[in-house]
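Okay, structure first, notes after.
The values are calculated or read from the model by the stated rules, or taken from the named source; none is laboratory data. Everything quoted here is computed from the prediction, not taken from an experiment. Neighbour counts are summed over all protein chains in view; Cβ atoms, including those assigned to glycine, are modelled from backbone coordinates with ideal geometry.
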Amino acid sequence: MKHALFGDIHGNSDALTAVLSDIQSRHSDNIYCLGDIVGYGAEPRECLGRIRDLACPTVAGNHDIAGAANVPLDDFNEYARKAIYWTRQQLTDEDRAWLSELPFVIHYEVFSMVHSSLSHPEAFPYILSDADADRCFARMETPLCFIAHSHVPLAFFDAVPGRPAGHQVDFTDPMAVRGKMIVNPGSVGQPRDGAPQAAYCIYDDTTQHITFRRVEYDVAEAARKVRAAGLPELLAWRLEIGR
Ligand code: ZN
């Protein structure tokens, strides 16, 4: 079976639409959302509606939690905070209730999914280094763990001699699953690895390969909507440069 996993949509419905149609064209059996449906982008309600209609398993991201309730925003930078205040005004009570009920972690037989790390799912630490990954590996009871949060496509291999450490993923060749792995497919709606195309991945549990996908979408239109909404200019600009 093929499992399509994506996260960090961030209110970018143009990117989400492109990713969902790419998933459909690749005949994925299941779809999963790794969190951060809202925040930063101009169309949080549209994205929320799409995910709710899909009824796909979804874990909570830090922006989903912050958008849903009046939690302190000390961990967010100035631009993220402005976008969260704006997002809170857009969401209905029903939207907020739905977001606040999302689980932090979902476990299946072969893989787990969490927005940040299994080490402290509710504190949202980043996994960018091998040391960060080791804290997550220590809690992993499945061969694979899919994460999001950093908006950078990365794969980490468990620290067994002879195995590569964390590294950038390849968008041309599928990656073979080897031992325990933590996989970040990158971001749908706000990529930060220098490429503006929407990112997601497909895990094939028959061939035991992960295919990392990049999907073109109308970046200019998404940026235009951010500006039209009166959100910080930086949030439009970073879509255009993928940072
Ligand atoms: Zn995010």
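Observations
- Condition met for N70 (over 30 Å from T211 (Cα atoms), within 14 Å of the ligand (Cβ to nearest atom), without any contact (Cβ under 8 Å) to a residue 24 or more places away in the chain and of a type in the set (S, T, N, Q)): no
- Lone qualifier among Y108, Y79, Y126 - being more than 16 Å from the ligand (Cβ to nearest atom) and among the aromatic types (F, W, Y): Y108
- Within region 22-50, the set of residues being assigned to a loop (DSSP other than H, G, I, E, B) and either without any contact (Cβ under 8 Å) to a residue 24 or more places away in the chain or closer than 30 Å to N77 by Cα (or both) comprises L34, G35, D36, I37, V38, G39, Y40, G41, A42, E43.
- Whenever a residue of region 1-21 is on the phi < 0 side of the Ramachandran plot and in a loop (DSSP other than H, G, I, E, B), its partners that are β-branched (V, I, T) and within 12 Å of the ligand (Cβ to nearest atom), lying with C-beta atoms within less than 9 angstrom and at least six residues away or across chains, give the pairs I9/I37; I9/V38; I9/V188; N12/V188.
- Within region 173-232, the residues that satisfy the criterion of being within 16 Å of the ligand (Cβ to nearest atom) and out of contact with any strand residue (DSSP E or B) (no Cβ under 9 Å at 6 or more places or on another chain) are Q190, R192, P196, A222, V226, L231, P232.
- When F124, F111, F104 are checked against the criterion of being modelled with pLDDT of 95 or more and in contact with a Pro (Cβ under 6 Å, 6 or more places away or on another chain), F104 stands alone in meeting it.
- Inter-residue pairs, beta-carbon under 6 Å, first surrounded by fewer than 18 Cβ atoms within 10 Å (Cβ to Cβ) and in region 206-227, second in a helix (DSSP H, G or I), 6+ apart: D218/D14; E221/D14; R227/A236
- Selection count where residues are surrounded by 15 or more Cβ atoms within 10 Å (Cβ to Cβ), out of contact with any Gly (no Cβ under 9 Å at 6 or more places or on another chain) and aromatic (F, W, Y), scope region 111-149: 2
- With respect to the conditions (1) buried (at least 21 other Cβ atoms within 10 Å of the Cβ); (2) out of contact with any Asp or Glu (no Cβ under 6 Å at 6 or more places or on another chain); (3) not basic (K, R); (4) not in a strand (DSSP E or B), D75 falls short on a single one, namely (1).
- Pairs linking a residue in region 51-65 that is touching a residue at least 40 places away in the same chain (Cβ under 8 Å) to a residue that is part of a helix (DSSP H, G or I) and more than 16 Å from the ligand (Cβ to nearest atom), with Cβ atoms under 7 Å and 6 or more positions apart or on different chains, are R52/W98.
- Pick from region 19-61, criterion among the acidic types (D, E) and surrounded by 15 or more Cβ atoms within 10 Å (Cβ to Cβ), ranking: nearest to the ligand (Cβ to nearest atom): D36
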